[in-house]
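The values are calculated or read from the model by the stated rules, or taken from the named source; none is laboratory data. What you see is a predicted model, and the numbers here were worked out from it, not measured in a lab. Here the Cβ is made from the backbone with ideal geometry for all residues, glycine too, and neighbour counts use every protein chain on show.
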Ligand code: GCV
């Protein structure tokens, strides 16, 4: 194991701070966020030999808000150049209408960042680290979404198997210990700095499964929540809480939590007012209702608009938001019943409610219809609710993608989701997510924040994509590698990049063929178990028999799920010939001998990808081994250990899946490779 005792600097090592610290820096604003930035600059200049200056005309770097830029413009040509940028065509034109924008310019050796507000200035200053400018450059950036949120599934009480963080693979909770909110929040401060550098501006600190102890964060523990909020606020991040729908009963002692009951509404209003007394910039509530055993409006014969709206009305006077999750399905399904389809559930429940939500409700929709599988189609809910603010939820914590023991850079997967266009008008998922992006965090108290050191790239990429959804995920990886390993030789960085770039596809190749999900061990969800979920109540089946495999979700002969998509996707997914190979078994039940558009058969595809997947991991192991002595020793040792587990696990996946499919189909591998009988 690693010997690191203080957390890794991740993508903000001192060496990466050079663009902020080598010269004379002018930073005239004041206020809490500017003080944070000043602290960064003081640190960077102490390390790199520069210093702060009051004289703008002598500065090499000017960090300004619109408020201060005007006064300086007359004295510094580069500032005029930056302010004039709006009048020039290019990236800035698209950046202009959005709040949180900054402009960065470099002219005659002088660099300028002008933020539209202090948070934008902080983000713009961090952007300098990843995008060094050449003379004459002007760059404008603005976050695409006003809310870029990380959700922590952290508890106060520890689960006997999972620990304190549900689906956490990175040590303990950053926020909580056995007693409640940690006394020492210094790690939270470092974490907030990392998040702010990527543009994250909202964090929900506790699990959406709200247990009895954590429910009290909303009431008894408010002073402690306020301590967390104070730390996060310094970095431009608003604090949110997950709350239980039954709180009026469990905390308030009322006989009901019926959202249409006036006493219930009054309880939420009074409770929420107390939250704002403690945390004036509180972000709002995150709610998982009628889902996997959590209470919700169905218990009172109400629908989810009724449920969300009672909380929304309590938050509205204070400027808060309800993030209401659309992850609602029957988790007590009968596997014998092939007509019920979990994939349909969110659309069935929520699409009819479009237009009924209060303006400060954001419906938080998982990116796929099931549950963060390695490969899923995009959720049709995202196309079905134009009159509702939607946030798309991603999972940075790698529950189904290797649990931070496997290298799995998810940037390409998320980018594919965000760029997906439902129709020819070109409206992408990113543009429909008017409520922003949210994701389940993968960070904890591990020395590398994320358990696997290379899993930091996922945290970085999520923040960056939430700001700039159209950015190439490969470029994000390059940024992360450069920032994280600034002292490494170019060939070393290229090697790390190569190893990670296709790691999602590699992971998919040895785990989840052609859109089949959930072939994992039930409960902890790690490692292969092809039939593990097949006869359970969770609605996650593949229906493999001796003839074939896959879920018939067509309108013609199946569950009708394809009908939830607008054209052209409805027809495309409905048609066996037009359905993309990578999702074939998600939408269709086919014989093992069915020929894919790639030309190979389903069963041969399973064999080929599983053998190729293991070979790819063997290559990764070799490539990483060659970096020994050329990267920080602790990082190298930690990744080496995890790659060994990845290889063991990939071989297990290959052997179990190949054997399973051979036994079921009786069709041998065309290439005669060894498959265990
Ligand atoms: C927080 C999946 C996970 C659960 C998680 C749930 C959710 O089912 O396995 O641990 O619960 O998703 O997103 O609410």
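Give me the residue from the range 116-154 that is touching a helix residue (DSSP H, G or I) at 6+ places or on another chain (Cβ under 9 Å) and assigned to a strand (DSSP E or B) and, out of that set, farthest from residue 18 (Cα to Cα).
Among them, the one singled out is 154.
If I ask for residues that are away from the ligand (no atom under 16 Å from the Cβ) and within 30 Å of residue 118 (Cα to Cα), which ones from the range 140-174 would you list?
Once the filter is applied, which keeps residues that are away from the ligand (no atom under 16 Å from the Cβ) and within 30 Å of residue 118 (Cα to Cα), the range 140-174 yields 140, 141, 142, 143, 144, 145, 146, 147, 148, 174.
Could you please tell me which pairs satisfy a Cβ distance under 6 Å, a separation of 6+ or placement on different chains, a first residue in the range 253-275 that is exposed (fewer than 15 other Cβ atoms within 10 Å of the Cβ), and a second residue that is not in a helix (DSSP H, G or I)?
Every condition considered, the pairs that remain are 263/254.
Take residue 316 and tell me if it is away from the ligand (no atom under 16 Å from the Cβ), in contact (Cβ under 8 Å) with a residue 40 or more places away in the chain and surrounded by 23 or more Cβ atoms within 10 Å (Cβ to Cβ).
no
Which ones in the range 265-305 are closer than 23 Å to residue 437 by Cβ and within 16 Å of the ligand (Cβ to nearest atom)?
Across the range 265-305, the qualifying residues are 285, 286, 287, 288, 289, 291, 292, 294, 304.
Taking into account only those residues within the range 545-571 that are in contact with a helix residue (DSSP H, G or I) (Cβ under 7 Å, 6 or more places away or on another chain) and within 17 Å of residue 582 (Cα to Cα), which is surrounded by the most Cβ atoms within 10 Å (Cβ to Cβ)?
Among those that are in contact with a helix residue (DSSP H, G or I) (Cβ under 7 Å, 6 or more places away or on another chain) and within 17 Å of residue 582 (Cα to Cα), it is 549.
Residues are listed down the side, and each one gets a yes or a no for (1) over 22 Å from residue 514 (Cα atoms); (2) within 17 Å of the chain's Cα centre (by Cα); (3) away from the ligand (no atom under 16 Å from the Cβ); (4) outside any strand (DSSP E or B):
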{"position": "312", "(1), (2), (3), (4)": "yes, no, yes, yes"}
{"position": "378", "(1), (2), (3), (4)": "no, yes, yes, yes"}
{"position": "398", "(1), (2), (3), (4)": "no, yes, no, yes"}
{"position": "401", "(1), (2), (3), (4)": "no, yes, no, yes"}
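Of (1) out of contact with any strand residue (DSSP E or B) (no Cβ under 6 Å at 6 or more places or on another chain); (2) assigned to a helix (DSSP H, G or I); (3) more than 16 Å from the ligand (Cβ to nearest atom), residue 254 satisfies all except one. Which?
Residue 254 satisfies every listed condition except (2).
Within the range 585-594, is even one residue without any contact (Cβ under 8 Å) to a residue 40 or more places away in the chain and either in the same structural domain as residue 385 (by TED's automatic domain parsing) or assigned to a loop (DSSP other than H, G, I, E, B) (or both)?
yes
Has the range 352-366 got at least one residue that is surrounded by fewer than 24 Cβ atoms within 10 Å (Cβ to Cβ), within 17 Å of the chain's Cα centre (by Cα) and closer than 30 Å to residue 507 by Cβ?
As a first pass, look at the range 352-366 and keep what is surrounded by fewer than 24 Cβ atoms within 10 Å (Cβ to Cβ): 352-360, 366.
Retained after the next criterion (residues that are within 17 Å of the chain's Cα centre (by Cα)): 366.
Applying the additional criterion that residues be closer than 30 Å to residue 507 by Cβ yields 366.
Among the residues of the range 352-366, at least one is surrounded by fewer than 24 Cβ atoms within 10 Å (Cβ to Cβ), within 17 Å of the chain's Cα centre (by Cα) and closer than 30 Å to residue 507 by Cβ, which makes the answer yes.
For the structure I just gave you, tell me whether residue 262 is over 26 Å from the mean Cα position of the chain (by Cα), away from the ligand (no atom under 16 Å from the Cβ) and farther than 30 Å from residue 118 by Cα.
Answer is yes for this residue.
Residue 337 versus (1) more than 16 Å from the ligand (Cβ to nearest atom); (2) touching a helix residue (DSSP H, G or I) at 6+ places or on another chain (Cβ under 7 Å); (3) in a loop (DSSP other than H, G, I, E, B): which is the lone unmet condition?
Unmet condition: (2).
Would you pick out the residues in the range 241-251 that are under 32 Å from the mean Cα position of the chain (by Cα) and outside any loop (DSSP other than H, G, I, E, B)?
Those that are under 32 Å from the mean Cα position of the chain (by Cα) and outside any loop (DSSP other than H, G, I, E, B): 241, 242, 247, 248, 250.
Kindly evaluate residue 459 against the criterion of being surrounded by fewer than 24 Cβ atoms within 10 Å (Cβ to Cβ), assigned by TED's automatic domain parsing to the domain that holds residue 406 and modelled with pLDDT of 95 or more. Step through it out loud before you land on a result.
Values: surrounded by fewer than 24 Cβ atoms within 10 Å (Cβ to Cβ): no; assigned by TED's automatic domain parsing to the domain that holds residue 406: yes; modelled with pLDDT of 95 or more: yes.
Judged against the criteria, residue 459 is not a match.
So, residue 227, is that one within 21 Å of the chain's Cα centre (by Cα), surrounded by fewer than 22 Cβ atoms within 10 Å (Cβ to Cβ) and either more than 16 Å from the ligand (Cβ to nearest atom) or part of a strand (DSSP E or B) (or both) or not?
So residue 227 does not fit the description; no.
Considering (1) within 16 Å of the ligand (Cβ to nearest atom); (2) in contact with a strand residue (DSSP E or B) (Cβ under 8 Å, 6 or more places away or on another chain); (3) assigned to a loop (DSSP other than H, G, I, E, B), say which one residue 394 fails and leave the rest.
(3)
It is to be established whether one or more residues within the range 158-165 are touching a strand residue (DSSP E or B) at 6+ places or on another chain (Cβ under 9 Å), buried (at least 22 other Cβ atoms within 10 Å of the Cβ) and either not in a loop (DSSP other than H, G, I, E, B) or not assigned by TED's automatic domain parsing to the domain that holds residue 238 (or both).
Yes: one or more hits.
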